[in-house]
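Colleague: Pasting in a structure now, in structure tokens, and then I'll have a few things to ask.
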């Protein structure tokens, strides 16, 4: 949330999901949000503490009842409805990142009016309906899009960590949120997967235009992956709309298939090698504006520390690119290498 | 429109645009629609006849006043508002392909209610919000996506012509409309550029599922182009959502730049060669499911007939693919070659 706004205290609703892969919005908001999270609702983990997952700096109880809602995933799960209603009745504002808007729900809307609380849908797209105009970046701006070999792989985290490193290096830097988690963390942005398809490239272009007012080093959160059977259109809209000078590719060694997709659908789809991913991102990006994959950010969370370092060295040798896990080992080294590489380009 | 529906008689509103590139929806509906067009409104061409552009079989007067609306391009142009209102007051239904829905406009909606006419927005997306599920094509189905090296290049026309050739060859065939013009012609489909980005792949998959009930040879109308700065996300959503066994690539020799885009924006973007287009479409398609560009359909409208035949032969030699202008020289030969090529694949 922006500093100028009233601070909120959050109760995070993650019923049945906390600590699981499906709770990535909850985890991201707790870890990176400006506002404190005072509790998490998950009756299956009631009595535990958020610090078990995210460290002592994020201590907060996991409780089993009543909540302010912060759901994720798309639709309002039926078993969340009564909790959301109870939150409203108890005077809590509701902040949602779902495709199905809580503020458009007649029951919630009338309850909210009766109890004087606010319903905020962070995924609601802007009214703006503009196609991409081929806007050039202002002089001195470095636009870096963080892409991935899959969805839910850590693109937002990498972008936030790289921004931090740029700021620590004394540079002015900005983060461009393109999903509901990033928007909750930063207090601005657009959930681009909710934008009308004809306007996704144009919306991405407009987000970068805004970010250029905020800093010289601009890290854009990518979405999905260029080979994702369901979400690739969103991915490409960001690539062509932001026209990044460079892309950072996030990859998780040990991941099989597409996050949740094969399991949910029973279908199969190819998994591209890291080298093929680099080639395909560069081929599609260069069809509109010059760009290249300038670094690889590995998500080594499935590896022990020594194996992680070995894998980082292996991928660096294989790709000839700067490679690190900026979340696990700090973003400073990867950012310094990325910066040197981009400043060589001029 | 479907045969079972009440037949409509159309008045086409194309003020200031008839016969220009911007009137492609109007031209498509007149040429391929099932229902008769009784007049075109364009005060700058009043007194002329549609047959001057489209031949005697499409004779209809171009007039300068009053209209049933059939606009194109996105927003309701200010100078069309009074004509649309006049149409409603005079008891005409209004059929629109704009992004800005006439039925959501309070003035038009209340006028329509008062005068008992219907406002139909063909670009309104379905309520369906489903992501792509990796559905496999049913056995014996041939799904062919007609893609292009640019937007507004003739993809819908090529798909319609190829379906006709398939039907003439005694095969059961279907056409999948993905834009407002195709929907007006066929009476079903989704204007996919209006769908929420997260669901475009899923919507494309669902359209093919429906088409498989209609025929064995399925020709899907593509949208935009994979290198289009503004519309590429829509293009990729169709490629990955329809998982076509084959793509037919439409190209117009002599076209410079992207249709209308450089002129409207003042920006520039690369133009890929035909060979690079083939490579890029195949690379992105194969990231999700096996596919290939199996034929090239040239739009030779900028060439004299002899030059067109020379260019067709040249491109066939260059690409090693079946090549023809199926609109100018008939679709039978190109379809026969495409069919033989796909049946070889098994």
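Just so it is clear, none of the values below were taken in a lab; they were calculated from the coordinates. Keep in mind that this is a model prediction, so the values were computed, not measured. Note that each Cβ is placed from the backbone with ideal geometry, even for glycine, and that neighbours are counted across all protein chains shown.
Colleague: Rounded to the nearest 5, what is the percent of antiparallel bridges among the DSSP beta bridges in the range A:10-121?
Modeller: 10
Colleague: Can you give me the angle between helix A:274-286 and the longest principal axis of chain A, using Cα atoms only, in degrees from 0 to 90, rounded to the nearest 10?
Modeller: Approximately 90 degrees, to the nearest 10.
Colleague: Any idea what the residue A:170 label distances to the other copies are, label 7 Å down the Cα→Cβ vector, nm, shortest first?
Modeller: Output for residue A:170: 8.2 nm, nearest copy listed first.
Colleague: Which shape class, rounded, prolate or oblate, goes with the range A:229-346 when its Cα gyration tensor gives a ≥ b ≥ c as root eigenvalues, a/c under 1.5 marks rounded, and past that a/b bigger than b/c marks prolate?
Modeller: Because a/c hits 1.5 or more and a/b fails to exceed b/c, the range A:229-346 counts as oblate.
Colleague: Out of all Cα-Cα pairs in the range A:142-345, roughly what percent, to the nearest whole number, are more than 26 Å apart?
Modeller: 27
Colleague: Then there's this: Using only the alpha carbons of the range A:86-241, determine the length spanned along each of the three principal axes and report them from longest to shortest in whole angstroms.
Modeller: Computed over the Cα atoms, the extents are 51, 36, 28 Å.
Colleague: Averaged over every viewing direction, what's the projected area of the C-alpha convex hull for the range B:30-154? Give it in nm², one decimal, please.
Modeller: 11.6
Colleague: Work out the FRET efficiency for residue A:209 and residue B:34 from their Cβ-Cβ distance, taking R0 = 41 Å, and round it to the nearest 0.05.
Modeller: Calculated value: 0.35.
Colleague: Sequence gap at least 6, Cα distance under 8 Å: using those rules, report the relative contact order of chain B to the nearest whole percent.
Modeller: Worked out over chain B, it gives 14 percent.
Colleague: Considering chain A as a Gaussian network with a 10 Å cut-off on Cα pairs, which listed residue, A:56, A:334, A:119, attains the greatest mean-square fluctuation?
Modeller: Evaluated over chain A, the most mobile residue of the options is A:56.
Colleague: Along Cα-to-Cβ, 7 Å out, sits the label point; list in nm, shortest first, how far the one on residue A:43 is from those in the other copies.
Modeller: Distances between equivalent label points, in nm: 6.7.
Colleague: Enter the angle in degrees (range 0 to 90, nearest 10) between the Cα long axis of helix B:305-319 and the first principal axis of the Cα atoms of chain B, meaning the one along which they spread out most.
Modeller: Value to nearest ten degrees: 50.
Colleague: Can you give the translational diffusion coefficient of the range B:103-149 in µm²/s, computed by Stokes-Einstein from the Kirkwood radius over Cα pairs at 10 °C and 1.306 mPa s?
Modeller: 104
Colleague: Would you calculate the volume per residue, in Å³, of the smallest convex hull containing every Cα atom of the protein assembly as shown?
Modeller: Each residue corresponds to 173 Å³ of Cα convex hull volume.
Colleague: Pairing the Cα long axis of helix B:106-115 with the longest principal axis of chain B, what angle in degrees results, from 0 to 90 and rounded to the nearest 10?
Modeller: The angle comes out near 70 degrees.
Colleague: Under the definition of Cα pairs under 8 Å and six or more residues apart, what whole-number percent is the relative contact order of the range B:275-343?
Modeller: 28
Colleague: Considering only the label points, 7 Å along Cα→Cβ from Cα, what distances in nm to one decimal separate residue A:282 from the same position in each other copy, shortest first?
Modeller: Result for residue A:282, in nm, nearest copy first: 2.0.
Colleague: Between residue A:120 and residue B:127, what is the label-to-label distance in nm when each label sits 7 Å out along the Cα-to-Cβ direction?
Modeller: 3.0
Colleague: Under the rule of -39500 (n - 2.57) per DSSP H run of 4 or more residues, summed and divided by the residues of chain B, what mean residue ellipticity at 222 nm is obtained, to the nearest 500 deg cm²/dmol?
Modeller: Helix-only estimate at 222 nm: -11000 deg cm²/dmol.
Colleague: First obtain the Kirkwood hydrodynamic radius of chain B from its Cα pairs, then insert it into the Stokes-Einstein equation at 10 °C and 1.306 mPa s, and state the resulting D in µm² per second as a whole number.
Modeller: The calculation lands on 76 µm²/s.
Colleague: Averaged across the residues of A:188-198, what count of C-beta atoms belonging to other chains lies within 10 Å of each residue's C-beta?
Modeller: Other-chain Cβ atoms within 10 Å of each residue's Cβ, averaged: 6.
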